[in-house]
Amino acid sequence: MTRTKQTVLNGNANNPVKHLNGTNVAPTSEQETTDIQRWRLLDEAGRQTWHYLETDEEVKAWPQSTADRYHLGLPLDLPELQRPKTALSSVQNALSFFSRLQLPPGNWACEYGGPMFLLPGIVFAWYVTQTPIPAPVATEMKRYLFARQNPDDGGWGLHIEGESTAYGTTMTYVVLRLLGASEEDERMVKARGMLHHLGGAVMGPHWAKFWLAVLGLIEWEGVNPVPPELWLLPDWVPIAPWRWWIHMRMVFLPMSYIYSRRYVTPPTPLIRQIREEIHTQSYASINFSSHRNSISPRDNYHPKSWILTVINWILVYIWNPLLRTNHIRKRAEDWSFDLIQREDENTDYANLAPVSAPMNLVACYIHDGPDGYSVKRHRERLPEYLWMKREGMLANGTNGVQTWDTSWLIQAVHEAGLAEDPKWRPMLTKALEFLEDQQIRENCREQDVCYRQQRKGAWAFSTKLQGYTVSDTTSEAVKAVMMLQHTAGYPTLVADDRLHDAIDTLLTMQNASGGFASYEPTRGSERLEYLNAAEVFGRIMVEYDYPECSTAVVTALRLFSVHHPEYRKADITKALDGALKYIRKAQRKDGSWYGSWGICFTYAGMFALESLASVGETYANNTRVKKACEFLLSKQRDDGGWGESYKSCETGVYVQRESQIVMTSWAIIGLMVAQYPDKEPIVRAVKLIMARQQRNGEWKQEGIEGVFNKSVMISYPNYKFVFPIKALGMFARKYGDPEIA
Ligand code: LAN
């Protein structure tokens, strides 16, 4: 490993620099880094892992690919392409670039970062389970975390664009210490100052306190209860966990088991030191039970309800000490661990997402011991959540974006009318092969026992191994597969019976409202938000209807019924009617729709308008569509683009920022499907997108694109390719590809 002097990407250069707030920042210490030329991304049928090659022989045997270099931010030296004069030639240039990033199994990959609370869980679980952390990984994680440190106050936020919080700052500080950062490093001194300013580690939210208790950095008395007994409730009980949004119950599950065991990793000298660093007073003097409900105002996005506070009080002072017998405890622990094992089995230890996966590892370590098979498999799987980039190593929001981005790319090229172009056929055929391989072919074993949704025929967001159907990931994949399979020159890889399986599964996912949620139909009442204990997220306890997911299903069902008019005709008609009814109802008074998975009104507007267009509702014949177009147009910026801030998601009100090509593409796709009659605003937007394209065909990364749980932003870097390609392609088809001056 090499040690070089590096400019820290948070703006701290090696010389003192002035910051925006006018303060001088001292020169940073030597920044440790690995040799970035030695990193390689391995993609085995969608299973993506980064590897550091230690020897020159290895480097010779495994050369760095263009995709590796791109993701690592290394120069690519690609030829300059002819400057495009039309939208379609801009699409051709973009494809010439983007096709180089396709990985051998046929999919695309990318960083999927943004949230700052994912990496800590992984490192904590490694620490607790004494899993060795390879030196290059530790080095690059530290580099990433320092690069993301707020240069002004020294803290970290909930996500990379957010203000510093107690959650982000505590978790990151502890991770850095566990990875070897010195408490004397001036960046750590600054971070500690910020943490103390926020009131210290006891001011973090519930999930932070949980991990700190496992690490022995606070006492379990400081953590609000996570009772596994809830898993013993009969299914009819309105608050039973099987009714919660899958992400909440899958985090609650291992957390409740570990809480019940009150597991604490044996203290090391390092832990003892950190104890004295992260609190504002000496560890021994803290009365942790008085901090169960402490939380910094900056973290308190969704304050606990009074009902939850009362329930917690009862659990702490009555249930746990007086009523909870050993028998109940044992039954609750046994059943919750059984459910953990089923989740591990159903995902081959990949688990649903990177919050629950490290917790499942710790639960298995406690239950099966350090040498258990479960522990070994979890250790093998966790690196699939890690991503290496120019700034260092981070954790992705899922174990990849494989199926989702590949489906979008296929659709975008098809939309541009280029699927028949022999130039792109090999790329698209490979992409089709990937989707074929990734279709989930079987339901989970005893799916009802582990409360899993039917999944046969579905596609997951990342890979079939993760194995969770999402209404829209299945729909987008169905569309992509059908578009290619009905284009001359492509093989039929996914036969009719397999498409029928996908449609059958989609039809199980509709809500009574007519709308579609994400992973499952809604199973519980919105009132369960009273039990939202996470504090930092909003609307997380149950599934909700989403215009994005509902539209994906609508457009998939419509395309399907064009080619299979007889299959479950009545069911499909009914499902479509219901979904459209929901979309119409979800429109706000100002003509907009609120988006939950992309930022924000431009994203949802595009989807909703696609739904309405699919039944012939356009600007000319429908007041609803007219209003939606007018809403979008009222947000167009002077330069012809659209730019929406993540604040839109938090506040529910459109918040402007400088124009972004991704949002500009969403907005004009919406206008074009709605058949907005005036070409002028669309041409202005097309010009902006084309003007930002680089000579090698790429677009550069701009602001963050995605969101979840209202408050957390997440990057979708491939959107800067797939949506401009789709928008420009659509424009070219609609307007005869005129020359754009
Ligand atoms: C995702 C990523 C994909 C996303 C879409 C398919 C885009 C969306 O249309 C439906 C919901 C879904 C599948 C989704 C749900 C929540 C996820 C899994 C994420 C935003 C990626 C990360 C996030 C997950 C919850 C992160 C872990 C954090 C917790 C609070 C548990």
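The values are calculated or read from the model by the stated rules, or taken from the named source; none is laboratory data. All of these numbers come straight from a predicted model, not from anything done at the bench. Because the Cβ atoms are built from the backbone with ideal geometry, glycine has one as well, and the counts that use them run over all protein chains shown.
Restricting 380, 384, 391 to those that are of a type outside the set (Gly, Ala, Ser), buried (at least 22 other Cβ atoms within 10 Å of the Cβ) and either modelled with pLDDT of 95 or more or in contact with a helix residue (DSSP H, G or I) (Cβ under 7 Å, 6 or more places away or on another chain) (or both) reduces the list to 384.
What do you reckon, is residue 210 without any contact (Cβ under 8 Å) to a residue 60 or more places away in the chain and farther than 25 Å from residue 525 by Cβ? It is true that residue 210 is without any contact (Cβ under 8 Å) to a residue 60 or more places away in the chain and farther than 25 Å from residue 525 by Cβ. Restricting 537, 516 to those that are touching a strand residue (DSSP E or B) at 6+ places or on another chain (Cβ under 8 Å), buried (at least 19 other Cβ atoms within 10 Å of the Cβ), within 18 Å of residue 251 (Cβ to Cβ) and aromatic (Phe, Trp, Tyr) reduces the list to 537.
If you go through the stretch 232-270 one residue at a time, how many are buried (at least 23 other Cβ atoms within 10 Å of the Cβ) and more than 16 Å from the ligand (Cβ to nearest atom)? Looking only at that region, the number is 1.
Looking only at residues in the stretch 442-462 that are free of Cβ contacts under 8 Å to residues at least 60 places away in the same chain and away from the ligand (no atom under 16 Å from the Cβ), the one that is farthest from residue 403 (Cα to Cα) is 448.
Is one or more of the residues making up the stretch 653-676 part of a loop (DSSP other than H, G, I, E, B), surrounded by fewer than 22 Cβ atoms within 10 Å (Cβ to Cβ) and either charged (D, E, K, R) or modelled with pLDDT under 95 (or both)? Scanning the stretch 653-676 turns up no residue that is part of a loop (DSSP other than H, G, I, E, B), surrounded by fewer than 22 Cβ atoms within 10 Å (Cβ to Cβ) and either charged (D, E, K, R) or modelled with pLDDT under 95 (or both). What pairs come out if I take residues in the stretch 118-144 that are closer than 14 Å to residue 385 by Cβ and pair them with residues that are within 16 Å of the ligand (Cβ to nearest atom) and in a helix (DSSP H, G or I) whose C-beta lies under 6 Å away, six or more apart or interchain? From the stretch 118-144, the pairs are 120/171; 121/358; 122/358; 122/382; 124/211; 125/358; 125/361; 125/362. If the condition is being within 16 Å of the ligand (Cβ to nearest atom) and either part of a helix (DSSP H, G or I) or surrounded by fewer than 23 Cβ atoms within 10 Å (Cβ to Cβ) (or both), then the stretch 573-595 contributes 579, 582, 583, 586, 594. The condition of being away from the ligand (no atom under 16 Å from the Cβ), over 30 Å from residue 265 (Cβ atoms) and of a type in the set (Phe, Trp, Tyr) holds for only one of 62, 126, 50, 108, that being 62. Contact annotation: residue pairs with Cβ atoms under 9 Å, 6 or more positions apart or on different chains, pairing a residue in the stretch 241-258 that is free of Cβ contacts under 8 Å to residues at least 24 places away in the same chain with a partner that is of a type in the set (Gly, Ala, Ser) and more than 11 Å from the ligand (Cβ to nearest atom), are 241/256. Within the bounds of the stretch 405-427, is there any residue that is crowded, with 22+ Cβ neighbours inside 10 Å and more than 30 Å from residue 724 (Cα to Cα)? For the stretch 405-427, residues crowded, with 22+ Cβ neighbours inside 10 Å and more than 30 Å from residue 724 (Cα to Cα): absent. Scanning the stretch 285-319 for residues that are of a type outside the set (Val, Ile, Thr) and farther than 14 Å from residue 222 by Cβ yields a count of 16. Taking the numbered list (1) among the acidic types (Asp, Glu); (2) within 20 Å of residue 144 (Cβ to Cβ); (3) at pLDDT 95 or above in turn, residue 221 passes all entries but (2).
Restricting the stretch 677-724 to residues that are of a type in the set (Phe, Trp, Tyr) and at pLDDT 95 or above leaves a set whose member that is surrounded by the most Cβ atoms within 10 Å (Cβ to Cβ) is 723. Of all positions in the stretch 701-722, none carries a residue that is away from the ligand (no atom under 16 Å from the Cβ), touching a residue at least 12 places away in the same chain (Cβ under 8 Å), part of a helix (DSSP H, G or I) and among the β-branched types (Val, Ile, Thr).
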